[in-house]
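Let me begin by presenting the structure, written as structure tokens, before commenting on it.
The values are calculated or read from the model by the stated rules, or taken from the named source; none is laboratory data. Here the structure is a predicted model, which is why all the values come from computation and not from measurement. Quick reminder, even Gly has a Cβ in these numbers, built from the backbone with ideal geometry, and neighbours come from all protein chains shown. Heads up: the accessible areas ignore ligands, DNA and RNA and are worked out on the full protein's heavy atoms, side chains in. Shrake-Rupley method; radii C 1.70, N 1.55, O 1.52, S 1.80 Å.
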Amino acid sequence: MGDGWARVTGQPQAVIVHVDVGTQALGCGIHNASAGRCPVLIFAGLCPFTEDGKMPGSRTEYQHWIQDAPDQKAIVGQYCRYVGELRTGSTVKQTVARALQFATSNPKGPVYLTGAREIMAEEVEPYTLEQQQWGAVGPSALPEQAVTAIAEALVSAKHPLIITGYSGRNHKCPSQLVQLADTIAGLRVFDTGGSDMCFPMTHPASLGFRFGVDESTTLADVILILDCDVPWIPSRNHPRKDARIYHVDVDPLNRMMPNSFFPAHGRWTADSYTALSQLNTYLTQTPSLIRALQDPQYAQRRQRIKDEHSARLTSFAKLATPRPNGLFTAHHVGLVIKSEVPSDTVFVIEAVTCAVQIADQLQTSLPGTWINCGGAGLGWSGGAALGVKLALDASERPSFVCAIVGDGAFLFSFPSSVYWIAARYGIPVLTVVLNNRGWNAPRKSLELVHTDGLAPTSSNKDLHISFDPSPDYSGIAKAAAGNDFGGSEGCLYTAKADSMETLRDALVHAVQAVKAGRGAVVEAVMDEEEREEAARSPKDVEFQELNIEGK
């Protein structure tokens, strides 16, 4: 929940856990906060270090011996921007302030503090700290020569491409990217992270969202990497050898990743909004570039990408065409969700192997309306959706929240805790569980390596990744929420849908319930035959006949 709140507001949240075991229970959560560049301050106690009772807070219980870890900070230290220990009560405020500086300075992320009970019980004289003196490091700009090099390269390129991943965390960035794409006709924008709404999918320059794999990276002659950790997969869609590559990021060296070898002809540490503003200003104030962009070829390029984008959206629509038997896939689920929820819905996405299909159908275009954890630790969305909802309510912004989660990720989210918390504190969100009856991510990973082995012809059951018999996901949520907080109907609306008709009906009622202050969980049981076929294909099949030239 702290993570979800911080994603929306950019402000750090504090999380308190119980010594070493509480730290271990953070598990995937701290990985997600680190990979997703999310500011969270975590505090954990340390076991008391005295035994004789002469100091306040000395050991008094059995577990004070068995929970005394040799190096508790090491459990999570490699995922944190800063780790520290409160060693005396007289510097507690300074230590906390320093930790928050690291958490909120780019690249943002989790910080971890510990303190033994003797320190917590220490008596100190009250003192104050000037908070203004402990702010985050301010944003940095591109040097003039970098602005010139990047702008001129993008304008002169035949196939310019911007690859981004989380620039949309700053809600002012998408409009700057749109301005850049409108100015340089033919420029395309590819989202390879899916962490935030970085560029509107309805814009003709949008190539949508894929996890690092898209043919556009192999065709571009100039590439600008902007706030992106994995711009392409070198073994699958490496750029042209003659492509000029520039990288602008708050952490262009990816210091948290031991192996990250993406090349670049120019690499700068800079804030994405500041950099985009500089590029847009330069393009509008440089006569030579203004004249160059008036060449008729740019009008032709503008029309070409408009036609290709229209064809792409048409292909998405075909994939979601209702079937005569009423059964549905992730494409159908995404389309129905889009048609039934409010237009300014904030989507919290943990759809795993269905994330791309969901993105293709939702086609989010408003800043802040698509939030993904940016990491790989499943189970994030349950608590995150509650934090997102609380943050939106606190900021008095439109606050309909819809979490779309895979069945495995739903189980990892500790739904018994999530829906009890939602009921206890009255936090209504809509959750759609994509039931595809299996762990399909391992199958895709397996087949990318062993393309001709037994895996492609094996069923999920054979591979021991099947979810049959299927758990009752909506039932789990309803049991956790109970009826005590919501009267005779309970505080949670639940439904299970296995056809387009029942799915649409369930979502209509679910949206009404959430608007009325109740939570809702809808389980979407997808077509098993289609699921098996999709699980065995590691490629984005809908794009096999589309490339950047529109052939």
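Observations on the structure shown:
- Cβ-Cβ FRET estimate between Leu463 and Ala311, R0 fixed at 30 Å, reported to 0.05: 0.25
- For the range 1-91, trypsin sites (Lys or Arg not before Pro) meeting the loop criterion (DSSP other than H, G, I, E, B) and having at most 12 other Cβ atoms within 10 Å: Lys54.
- Exposed loop sites were defined as GluC sites (Glu not before Pro) in DSSP loop states (anything but H, G, I, E or B) carrying at most 13 other C-beta atoms within 10 Å; in the chain the longest segment without such a site runs 131-395.
- Loop chymotrypsin sites (Phe, Trp or Tyr not before Pro), the range 1-101, which have at most 16 other Cβ atoms in a 10 Å radius of their Cβ (DSSP): Phe49, Tyr62
- Under 13 Å from the Asn325 label point (7 Å along Cα→beta-carbon), backbone N, the range 466-483: none
- Separation of the Arg255 and Arg236 label points, Cα + 7 Å toward Cβ, nm: 3.0
- Förster-model FRET efficiency, 25 Å R0, Val21 and Ala121, C-beta, rounded to 0.05: 0.70
- Cα-based shape type of the range 219-337, given that a ≥ b ≥ c are square roots of the gyration tensor eigenvalues and the cut on a/c is 1.5: oblate
- Residue-span extension gain [Ile290 to Arg267] - 0.36 nm each, minus C-alpha spacing: 5.7 nm
- Global form of the range 406-483, assessed from the alpha-carbon gyration tensor, a/c cut-off 1.5: prolate
- Think of a 1.4 Å ball rolled over the protein heavy atoms: the range 364-474 then has 41 Å² of accessible area per residue.
- Residue (of Cys228, Asn435, Val19) at the positive-pole extreme of the chain, dipole from beta-carbon charges: Cys228
- Taking other residues whose beta carbon is less than 13 angstrom from the beta carbon of Val222, and scoring Lys, Arg as +1 and Asp, Glu as -1, yields +1.
- Alpha-carbon centroid distance for the pair the range 338-403 / the range 1-45, whole angstrom: 19
- Alpha-carbon radius of gyration plus Dmax, which is the widest Cα pair, for the range 70-222 in Å: 22.4, 68
- Loop trypsin sites (Lys or Arg not before Pro), the range 236-277, which have at most 16 other Cβ atoms in a 10 Å radius of their Cβ (DSSP): Arg236, Arg240, Lys241, Arg255
- For the range 1-99: span of alpha carbons on each principal axis (Å, largest first): 47, 29, 21
- Here r is the Cβ-Cβ distance between Ser417 and Asp52 and R0 is 41 Å; the resulting FRET efficiency, rounded to 0.05, is 0.60.
- Annotation: the antiparallel percentage among DSSP beta bridges lying fully within the chain is about 5.
- Surface per residue (accessible, 1.4 Å probe) for the range 75-169, Å²: 49
- Lys/Arg +1, Asp/Glu -1 at C-beta; the range 35-176 dipole; positive extreme among Gln133, Asn170, Phe102: Asn170
- Considering all different alpha carbon pairs of the chain, the Kirkwood hydrodynamic radius works out to 25.2 Å.
- Gap separating the Cα centres of the range 63-128 and the range 177-237, nearest whole Å: 39
- Here the label points at Gln145 and Ser395, each 7 Å from Cα along the C-beta direction, are separated by 3.8 nm in the simple model.
- Farthest toward positive dipole pole in the chain [+1 Lys/Arg, -1 Asp/Glu at C-beta], among Ala495, Val155, Phe414: Val155
- Cα gyration tensor shape of the range 60-143, rounded if a/c is under 1.5, else prolate or oblate by comparing a/b with b/c: oblate
- Within-11-Å neighbourhood charge of Asp20 [Cβ basis; K, R +1; D, E -1]: -1
- What the range 249-340 shows is 53 Å² of accessible area per residue, with the surface traced by a 1.4 Å probe over protein heavy atoms.
- Accessible carbon and sulfur surface of the chain relative to its total accessible area, %, 1.4 Å: 54
- With helices as the sole contributors, the chain gives -11500 deg cm²/dmol at 222 nm; each DSSP H run of n ≥ 4 counts as -39500 (n - 2.57), and the sum is divided by every residue.
- Summing charges over neighbours of Ala146, with a neighbour being any other residue whose Cβ is under 14 Å away from its Cβ, gives -2 when K and R count +1 and D and E count -1.
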